[in-house]
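Values in this text are rule-based calculations from the coordinates and carry no lab data. Source: prediction; values computed, not measured. Note: ideal-geometry Cβ built from the backbone for every residue, glycine included; neighbour counts use all protein chains shown.
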Amino acid sequence: MHEEPHEPQPELHPSPAPEAGGDVAASEAVVAIDESADHSAHAQPMDANIEAEPARKPRVIALLNQKGGVGKTTSTVNLGAAFARYGQRVLLVDLDPQSNLSLHFGVESGPEQRTIRDLLLDPTCRIEDAVQTARPGLDFIPAVTELALVEGELAQQEGMQTVLRSKLEPVYGNYDVVLLDCPPSLGVLSVNALTVADEVFVPMQAHYLPLRGLEKLLQTVHLISQGLNPTIRVTGILLCMHDGSSSHARAVIGEIESQLAQFRGMDVPWSTATVLDPPVRRNIKLAEAPSFGQTIFDYAPHCPGADDYRRIAEQLLAGWGLPHTTFDGAGHGSDGGDAAPSPKRKRKSAKRVKREVSAAVKKSGKSKKVNPTSKGKKSPKIAKATKTTKSSNVAKSSKLAKISKVTKSSKLAKSSSAAKSSKLSTTKKSAAAQMTIRTKKSTTNHSSRPTKSPKAPKPARSKQMRVAKQTKSIRRPLRSGGLSL
């Protein structure tokens, strides 16, 4: 059987044959139309497949601690600002009814501005209506004080734990990192954050009481992982307001690391948790920055707090595989490379200038020399100086003479007073001798009175009392109870 060679055919669908006597060009046009229709039919499903691909999910991180005042909002704002300066697209969500996150950016939402409360309660509210831009690449959703009443209203809805996740999903493709600032409680708002989050950071101080609260927080995360969010993980312990010179802080850090090391390789959400390095040092600039409506990189980009948050963000981006090559230190509101000198640098420069001026004055004084041509002659200035020195010498001599006279008179007065005092002392001695003789006679005549017994010596401390006192001075070891379930 003869086989013809396979060649690509321009027509995938049979076209009607041209009529007899018809134009040949008309038949060619029909073939071209069929060709274009065939290409368009094949192109449509390819575009449909591209549009159907889901958007890449960003890193969603919840900063959670049921204890207040540990640095959750400060860490959320400054870590988000650091990620944005590394070129990431960042979204911050304020779930705290105190609404302090907005104040860090100097933005106060008006009555017409949609907030996280509207996003959670109003089904018609879109997330685009609530998002505000704080810095280039850094957006946030504000909160209001009425958010404290949302938990009771959400409790009446079905699927109350997944409301936030359904609202954030439409904008997953717009951001690389999403940070959730959770309230200081383990209520419905925190459960919504844990349901949507991939990771949990625990901001805390290196103190004993926060260490005990860490166990309850991990138990809550474990319950969420068993039902609502099986993929959630506790990945970092973020130490805030850290004092490295405190022995208690070092002991707490050692206790946390030893407890976390016991769960390596186990099927628990915190099996990979570590203490983030470096700890954020105690710094007053971090507390001052919100009063100016700025992040720490806008307010004091060279302070220790800014350096700590920048290094933490750099290490996190490296672990996530996200780009972190350059840090935009000259971003919005920042001094950057041409930063104005800090007060310490100003003081140092002022001292340096003073030293240079004093050195120049000394050199100029030494460099003055006498003119050799005027050896025998004295300048008028020198003559005046000699006259003044002579007059001063005369005045000094007169003063010395007066002082000598005064000293002589004082010596005479002292000698006379000494003689008088000696006479008085002799009379006093004689009187004292007579009194002693009288007292001796009286003691011989009368019966002697009982003398007071000396005070009894204090009893020696026993060995048991000494050991008890020593044990009080020794610091007791930490007893965290362990991170058990």
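The figures follow:
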| item | result |
| --- | --- |
| Inter-label distance for Q132 and Q226, nm, one decimal - labels placed 7 Å from Cα along Cα-to-Cβ | 4.1 |
| Longest to shortest principal axis, alpha-carbon extents of the stretch 77-222, angstrom | 42, 41, 27 |
| Ratio of Rg to Rh over the stretch 60-322 (Cα coordinates, Kirkwood Rh, two decimals) | 0.94 |
| Charge dipole (debye, nearest 20) of the stretch 63-128; +1 at Cβ of Lys and Arg, -1 at Cβ of Asp and Glu | 320 |
| Backbone HN-Hα couplings from phi across the stretch 58-75 [Karplus 6.51/-1.76/1.60, Hz, Gly and Pro as x] | x, 7, 9, 10, 9, 9, 10, 6, 6, 8, x, x, 9, x, 5, 5, 4, 5 |
| Fraction of beta bridges assigned by DSSP in the stretch 60-322 that are antiparallel (%, nearest 5) | 10 |
| Label point distance in nm, V357-E146, each placed 7 Å from Cα along Cα→Cβ | 6.1 |
| Cα-projected label distance for D328 with N174, points at 7 Å along beta-carbon direction, nm | 1.7 |
| Ordering of 303-310, 263-270, 219-226 by burial proxy (mean other Cβ atoms within 10 Å per residue, highest first) | 303-310, 219-226, 263-270 |
| Difference of contour (0.36 nm per residue) and Cα-Cα distance, S246 to T274 | 8.0 nm |
